[in-house]
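Undergrad: Structure below; questions to follow.
Please treat every number below as a calculation from the coordinates, not as lab data. The model shown is predicted, which means the values in this text are computed figures rather than measured ones.
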Amino acid sequence: MGIEDNKRTVRRFFEHLSRGETKAVLDLYADDASVWTAGSLAFSGRRSKQEVAPLMEGILGAFPEGLRFTIHGITAEGDRVAVEAESQGRHANGKLYNNLYHFLLVVREGKVREFKEYLDTKLAHEVLLDGA
């Protein structure tokens, strides 16, 4: 698979994520995928595909009207795809969540092998964890 195929896979990943389709997102991960989130939040650090599933469902489930991701830029070289993105949605606690991200995904054979998420962790703490 080439660079354009990898970019298409990543775009599908974020389309499914924006629709709250956790099973479809998880299906795009390789079985031995590694997921890493920056910071020291409860969901930060490195996780396996199996470990990230309930976290993803919990976070996305906390947005009754959905959490939409907009890709502002996408760059790929080899099996690495870099994404600049923004999310927007109203959390169940009533707070608007509008975060900016840089994601790095490693895609091989149509599957996400590695996912790294860089975000404003202070905002995530205030909105997603209600400052707790």
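Undergrad: Counting only helical runs of four or more DSSP H residues, what would the 222 nm mean residue ellipticity of the chain come to if each run contributes -39,500 (n - 2.57) and the total is spread over all its residues?
TA: Per the formula, -10000 deg cm²/dmol.
Undergrad: Also, quick follow-up: What is the gain in length, in nm to one decimal, between ASN98 and THR75 on full extension, counting 0.36 nm per residue of separation less the C-alpha to C-alpha distance?
TA: Taking ASN98 through THR75 to full extension adds about 6.0 nm, to one decimal.
Undergrad: With a ≥ b ≥ c taken as the square roots of the eigenvalues of the C-alpha gyration tensor of the stretch 1-50, please select rounded if a/c is under 1.5 and otherwise prolate if a/b is larger than b/c or oblate if it is not?
TA: Numbers: a/c = 1.87, a/b = 1.58, b/c = 1.18.
Prolate shape, in that a/c is at least 1.5 and a/b is the bigger ratio.
Undergrad: Run the Debye formula on the Cα coordinates of the chain, all scatterers equal and no solvent, and tell me log10 I(q)/I(0) at q = 0.09, 0.18, 0.19, 0.21 1/Å.
TA: -0.23, -0.99, -1.11, -1.37
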